[in-house]
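The values are calculated or read from the model by the stated rules, or taken from the named source; none is laboratory data. Remember, it's a predicted structure, so these values are computed and weren't measured experimentally. Every residue, glycine as well, gets a Cβ built from its backbone with ideal geometry; the counts of neighbours run over all protein chains shown. Remember, those area values only see protein heavy atoms, side chains included, never the ligands or the DNA or RNA. Shrake-Rupley method; radii C 1.70, N 1.55, O 1.52, S 1.80 Å.
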Amino acid sequence: AASLQADAYKKLYPEQFYSRFLQDGIRPDGRTLGRARATTIGLGSVSSVDGSALVRVGATTAIAGVRLDIAAPLEGLPNQGLVTLNIELAPFSSADWRPGRAPELVSTLS
């Protein structure tokens with residue numbers, strides 16, 4: 001019951017919730033302000049790409065893969081290359097993400 005009340009308070013009054021912890025110099029998970037979450041990095045976790053990493057920071061996990069393709073430059077631009085960015089996220093990972101439609105940030109970078 002107490003954790004349910006804390007969750008409700010956090011959702012209804014987020015600024016006050018976090019302010020109480022900051023006043024005591026701790027985070028809601030009990031860490032001091034200067035202490036980072038446990039972090040692990042595993043390289044080469046995806047065998048179908050040229051480079052990859054699996055990163056865990058606390059309870060958050062991210063995986064990244066890089067693939068390189070060498071191609072002839074576009075006609076008229078012999079000294080320029082092309083970078084294509086592709087991002088895949090689980091539908092619940094971001095409010096801005098919609099399956100089948102890249103977020104605006106991806107469009108501005110590619």
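Looking only at segment 59-86, which residues are over 30 Å from Asp29 (Cα atoms) and surrounded by 10 or more Cβ atoms within 10 Å (Cβ to Cβ)?
If the condition is that a residue be over 30 Å from Asp29 (Cα atoms) and surrounded by 10 or more Cβ atoms within 10 Å (Cβ to Cβ), then Gly65, Val66, Arg67, Pro73, Leu74, Leu82, Leu85 are the ones that fit.
Restricting attention to segment 33-53, the residues being farther than 30 Å from Phe21 by Cβ and in contact with a strand residue (DSSP E or B) (Cβ under 8 Å, 6 or more places away or on another chain) number 11.
Return the total of residues in segment 1-58 being part of a helix (DSSP H, G or I) and either in contact with a Phe, Trp or Tyr (Cβ under 9 Å, 6 or more places away or on another chain) or open to solvent by less than 90 Å² (accessible area, probe 1.4 Å) (or both). Break it down into steps so the answer makes sense when it comes.
Restricting attention to segment 1-58, the residues satisfying the condition of being part of a helix (DSSP H, G or I) are 2-12, 14-23.
Now drop any that are not either in contact with a Phe, Trp or Tyr (Cβ under 9 Å, 6 or more places away or on another chain) or open to solvent by less than 90 Å² (accessible area, probe 1.4 Å) (or both), which leaves 2-3, 6-11, 14, 16-17, 19, 21.
The number of residues fulfilling the criteria is 13.
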